[in-house]
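The values are calculated or read from the model by the stated rules, or taken from the named source; none is laboratory data. Just so we're clear, the structure is a prediction, and the values are computed from it rather than from any experiment. Counting neighbours? That spans all protein chains shown, and the Cβs are built from the backbone with ideal geometry, glycine included. Calculation scope for accessible area: heavy atoms of the full protein, side chains included, ligands and nucleic acids excluded. Shrake-Rupley method; radii C 1.70, N 1.55, O 1.52, S 1.80 Å.
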Amino acid sequence: MCGIVAYIGSQKAYPILIKGLERLEYRGYDSAGVALQNGQLNVYKKKGKVADLVAYVKDKDTEGHIGMGHTRWATHGKPDDINAHPHLSGNKRLVLIHNGIIENYAVLKSALQKHGHTFESETDTEVLVHLIEEVQQRGNLPIEEAVRQALTQVHGAYAIVVMDRQDPTKLVAARKSSPLVIGIGKGEFLVASDATPIVEHTKNVVYLNDEEVATVTRDGGLTIKTLRNELMTPTTHQIELEIEQLEKGGYDYFMLKEIFEQPTTIAECMRGRMNAEEGWVRLGGMEEYKMRMINAQRMIILGCGTSWHAGMIAEYLFEDLARLPVEVEYASEFRYRNPVVRDNDIILAISQSGETADTFAALELAKERGALTYGIVNVVGSSIARLTHSGSYIHVGPEIGVASTKAFTGQVTMLTMMALILGYERGFLPKSQYQKLVQELALIPDKVERLLLNCQDQVRYIASEFQHATNALYLGRGYNFPVALEGALKLKEISYIHAEGYPAAEMKHGPIALIDENMPVFVIATNRSAYDKIASNIQEVKARKGVVIAVVTEGDETIKSLADFSIEIPETEEPLTPLLSVVPMQLLAYHMAVLRGCNVDQPRNLAKSVTVE
Ligand code: G6P
């Protein structure tokens, strides 16, 4: 949700900022802008993508060794040139970029207006830069001190970088509830929303904590203070990211690359944690809290979007295999409804980015109430990973396509491993069944690989048949019900076709009224249990002239003969089927979107990392 990047050092800042913005564009792409200092302060901003900004800046002065860039996902104020960041103070001395929301901006704005400030944009960000200006002028303060004092008056979420035209030797950055990473290079610093713009320049980073203000200077100085003016000692971390992971590698879109990476990413998620021959699973993150987890009375799962769907699958896994009662919660609802949380609950937070504002806040609340918190996160060092008592990274590498694919299968793989451990340790999963599931799980990467190869043509053909659909229904039962939800989400996210996921039996209570000969109905029909019920649901659709596209287990001629189209997936144990059945759903949404001419990696109005509520 907005990407920010800033540079100070001996290199020319502009190309570094643009490359950084391209890497961060997944966070928002409503408008983009840069500010550069070279004796004077040049600010360029444009509605649209980073490419539009580059075209606009083409013949302009881009000199300077200190600068900042921003790619926006609009919260306050429509996406246009004026609301685009960076924003200037009234005296044009300060320039600022921001990711987050200033909640008390209206109060601050009217107070500033009373002091003679006038505003050009509709943004909360412009209020912030004027506030810093006001504090600076009143106290005749250096920029870092003005930022610190101003932020004590601010409520909300922010990651900001500020430059002062009168002090071109430093950048000041601060954060609260929005991520910020400082890259420490040789005689240079980068500041960014995540490590992707930094990795080309250095692997040494410092993750700024909430309510900290960092100052980086031309002569290599890094100082971090809290809002309360305490001096902090920075801790340097090494990032493991490789540049190749951030490139498309010959694919048309990141999403397609990420779908095809899944055989590898699922294997990476299991690597070192499971041994199929010896038949065991072990998760380092669970070791310290194992007894508390084994004896837990309940698990509450928090997530948003696709991660919430992974949580829905976990409900089936933990209840089925470990007999542990599970509640799956939208983090945004949980945090505002005074939920009952007990100290013998396990709170599982699922998040690809580790930065989703609602998931973070819900987790904070649960932690305050004494529960054990565990994170299933992809981005190493992210806010959620650092907030939880413990956790396990899914290790699927950077996911850049806005629609989540490989993170979902990584999350489900991790949740399956956890459910197997708890099932066995809690005594509900006999050793033989535990070992059988471990062995079967180890085969999933190969099966996904085979599935991807075998289903491609058929999925492309089905996509071409239904590319003009305006509505679609996705049905599934049991473990495949959340897959139906995920299939529908993928389609609406990237192809803008209205789609709904439903438990197949619930169809009779509403969606059946929508079915006619124009409505594709995707039925995930691989379940061994409730097989006949699914077959009956298909008959019900057919009886209303609906067109059925069924995902079936290889060799299942019965359902194939009922459906108009079918996609076969390899056979596996029922609790593991989502790892396979979701793959054709991802691929189908991808091909439909491409055929409809949509920008698959950057669907309209969406952003990958939702750091505002
Ligand atoms: C956004 C993304 C989704 C993602 C959701 C939750 O909506 O577009 O792909 O599932 O946020 O994000 P998280 O990083 O917490 O998994």
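Calculate, in whole percent, how much of the Cα-Cα pair population of the stretch 109-248 lies beyond 18 Å.
Numbers: 5659 of 9730 pairs.
The answer is 58 percent, as a whole percent.
Provide the gained length on full extension for the span A106 to A513, in nm with one decimal, where the gain is 0.36 nm per separating residue minus the Cα-Cα distance. Each step should come with its number before you reach the end.
Working: separation 407, 0.36 × 407 = 146.52 nm, distance 4.61 nm.
The A106-A513 span can extend by a further 141.9 nm.
Expressed as a fraction of 2.2 N^0.38 Å, the rule-of-thumb size for a compact globular protein of N residues, what is the C-alpha radius of gyration of the stretch 359-413? List each step's numbers first, then the result.
Values: Rg = 12.1 Å, N = 55, 2.2 N^0.38 = 10.1 Å.
Compared with the compact-globule rule of thumb, the stretch 359-413 sits at 1.20.
Using the Karplus equation 6.51 cos²θ - 1.76 cosθ + 1.60 (θ = phi - 60°), what ³J(HN,Hα) coupling, rounded to whole Hz, does each residue of the stretch 83-99 give in order, writing x for Gly and Pro?
Result, ordered by residue: 6, 4, 8, x, 10, 9, 6, x, 7, 6, 8, 9, 9, 9, 10, 8, 10 Hz.
Please report how far the C-alpha centroid of the stretch 250-287 lies from that of the stretch 525-565, rounded to the nearest whole angstrom.
Using only Cα atoms, the two centres lie 31 Å from each other.
Going 7 Å from the Cα of D446 toward and past its Cβ, which residues in the stretch 541-560 have a backbone nitrogen under 19 Å from where you end up?
The answer is 554-555.
Order the following by accessible area, largest value first: R386, R148, R604, R228. Probe radius 1.4 Å; ligands, DNA and RNA are ignored.
Working: R386 95, R148 30, R604 140, R228 195 Å².
Result of the area sort, largest leading: R228, R604, R386, R148.
Long-range amide H contacts for V326: which residues qualify at under 5 Å (H placed 1.01 Å from N, peptide plane, sequence gap of 5 or more or a different chain)?
The answer is M299.
How far, in nm, would the chain grow between D343 and K431 when pulled straight, counting 0.36 nm per residue and subtracting the alpha carbon separation?
Details: separation 88, 0.36 × 88 = 31.68 nm, distance 2.97 nm.
This chain segment gains 28.7 nm when fully extended.
Roughly how many Å² is the accessible area per residue of the stretch 134-190, as a whole number, for a 1.4 Å probe?
Working: 1990 Å² over 57 residues.
Solvent-accessible surface per residue comes out at 35 Å².
Alpha carbon centre of the stretch 330-358 versus the stretch 168-198: separation in Å?
Taking the Cα centre of the stretch 168-198 as reference, the centre of the stretch 330-358 is 29 Å away.
Within the stretch 497-583, list the GluC sites (Glu not before Pro) lying in a DSSP loop whose Cβ has at most 10 other Cβ atoms in a 10 Å radius.
Details: sites: E500, E506, E517, E540, E554, E557, E568, E571, E573; in loops: E517, E554, E571, E573.
Loop-located and lightly packed - E517.
Over all Cα pairs of the stretch 249-336, how is the pair count split among 5 Å bins, expressed in % and running from 0 up to the last occupied bin?
3, 11, 13, 17, 21, 17, 10, 6, 2, 1
Between T236 and Q467, what is the FRET efficiency for a Förster distance of 60 Å, r being their Cβ-Cβ separation, to the nearest 0.05? Intermediate values should be presented prior to the final figure.
Values: r = 50 Å, r/R0 = 0.83.
E(calc), rounded to 0.05, equals 0.75.
Check each of the GluC sites (Glu not before Pro) in the stretch 190-265 and keep only those in coil by DSSP with at most 14 other C-beta atoms within 10 angstrom; list them in order.
Details: sites: E200, E211, E212, E230, E240, E242, E244, E247, E258, E261; in loops: E200, E211, E230, E240, E242, E247, E261.
For GluC sites (Glu not before Pro) across the stretch 190-265 that sit outside H, G, I, E and B with at most 14 neighbouring Cβ atoms in 10 Å, the list reads E230, E240, E242, E247.
Once amide H atoms are built 1.01 Å from N in the peptide plane, which residues 5 or more positions from V380, or in another chain, come under 5 Å H to H?
Correct list: empty.
Pop the C-beta distance of E557 and E278 into the FRET formula with R0 = 41 Å and round what comes out to the nearest 0.05.
Values: r = 38 Å, r/R0 = 0.92.
Computed FRET efficiency for E557 and E278 comes out at 0.65.
Which distance in nm do the two modelled labels at E574 and H498 give, with both placed 7 Å along the Cα-to-Cβ direction?
Taking the simple label geometry, E574 and H498 are separated by 3.4 nm.
Which percent of the accessible area of the chain is formed by carbon and sulfur heavy atoms (probe 1.4 angstrom)?
Values: 10920 of 22930 Å².
Using a 1.4 Å probe with all protein chains present, the chain comes out at 48 percent carbon and sulfur.
In 5 Å bins starting at 0, how do the alpha-carbon pair distances of the stretch 425-496 split up by percent?
Whole-percent P(r) values from 0 Å outward: 3, 11, 12, 16, 21, 13, 9, 6, 5, 2, 0.
On average, how much accessible surface per residue is there in the stretch 33-98, in Å², for a 1.4 Å probe, leaving out ligands, DNA and RNA? Before the final figure, lay out the partial values.
Numbers: 2510 Å² over 66 residues.
Per-residue accessible area for the stretch 33-98 comes out at 38 Å².
Sum up the charges of everything whose Cβ sits under 9 Å from the Cβ of I300, counting Lys and Arg as +1 and Asp and Glu as -1, but leave I300 out. Don't skip to the end; give the middle numbers.
Working: positive: R298; negative: E327, E329, D345.
Once all neighbours under 9 Å are counted, the net charge is -2.
Under 5 Å between amide hydrogens, which residues at least 5 positions from F522 or on another chain qualify, with H placed 1.01 Å from N in the peptide plane?
L473, Y474, L475, I549
So what is log10(I(q)/I(0)) for the stretch 1-118 at q = 0.16, 0.17, 0.19, 0.23 1/Å, when the Debye sum runs over its Cα atoms only?
Summing over Cα pairs of the stretch 1-118 leads to -0.73, -0.81, -0.98, -1.30.
Span-like helices, the chain: DSSP H, alpha-carbon axial extent 27 Å or more, mean Kyte-Doolittle 0.5 or greater, which ones? Spell out each step's value before the answer.
On the way: long enough: 406-425 (28 Å, 0.86); 431-466 (47 Å, -0.32); 577-595 (28 Å, 1.38).
Within the chain the helices that satisfy the rule are 406-425, 577-595.
Per residue, how large is the accessible surface of the stretch 417-556? Use a 1.4 angstrom probe and give square angstrom. Before the final figure, lay out each step's value.
Working: 5670 Å² over 140 residues.
So the stretch 417-556 comes to 41 Å² accessible per residue, rounded to a whole number.
Using only the Cα atoms of the chain, what are the Rg and Dmax in Å?
Final numbers for Rg and Dmax: 25.4, 80 Å.
Given the Cα-Cα distance of R228 and A505 and 0.36 nm per residue of separation, how much length would full extension add, in nm? Walk me through the intermediate numbers first.
Working: separation 277, 0.36 × 277 = 99.72 nm, distance 5.68 nm.
Here the answer is 94.0 nm.
How large is ³J(HN,Hα) for each residue in the stretch 218-223, as worked out from phi by the Karplus curve 6.51 cos²θ - 1.76 cosθ + 1.60 (θ = phi - 60°), to whole Hz, x for Gly and Pro?
The phi angles translate into 4, 8, x, x, 10, 10 Hz.
Show me, for the stretch 185-202, the HN-Hα J-couplings you get by feeding each phi into the Karplus relation (A = 6.51, B = -1.76, C = 1.60, θ = phi - 60°), rounded to Hz, glycine and proline as x.
Going residue by residue, I get x, 7, x, 8, 10, 10, 10, 8, 5, 8, 7, 4, x, 8, 4, 5, 9, 6 Hz, with x marking Gly and Pro.
What list of whole percents do you get for P(r) of the stretch 1-40, with Cα-Cα distances grouped in 10 Å bins up to the one holding the largest distance?
29, 52, 18, 1
Compute the FRET efficiency between V380 and A55 as 1/(1 + (r/R0)^6), taking r as their Cβ-Cβ distance and R0 = 35 Å, and round to the nearest 0.05. Intermediate values should be presented prior to the final figure.
Details: r = 35 Å, r/R0 = 1.00.
With R0 = 35 Å, the Cβ-Cβ based efficiency is 0.50.
Given the C-alpha centroids of the stretch 465-511 and the stretch 210-233, what is the distance between them in whole angstrom?
49
Enumerate by residue number the trypsin sites (Lys or Arg not before Pro) in the stretch 262-293 meeting two conditions: DSSP loop (anything except H, G, I, E, B), and at most 11 other Cβ atoms within 10 Å of the site's Cβ. Display every interim value, and only then the final one.
Working: sites: R271, R273, R282, K290, R292; in loops: R271, R273, R282.
Answer in residue order: R271.
What would the Debye equation give as log₁₀ I(q)/I(0) for the stretch 267-386 at q = 0.19 Å⁻¹, counting only Cα atoms as equal point scatterers?
Evaluating at q = 0.19 Å⁻¹ gives log10 I(q)/I(0) of -1.09.
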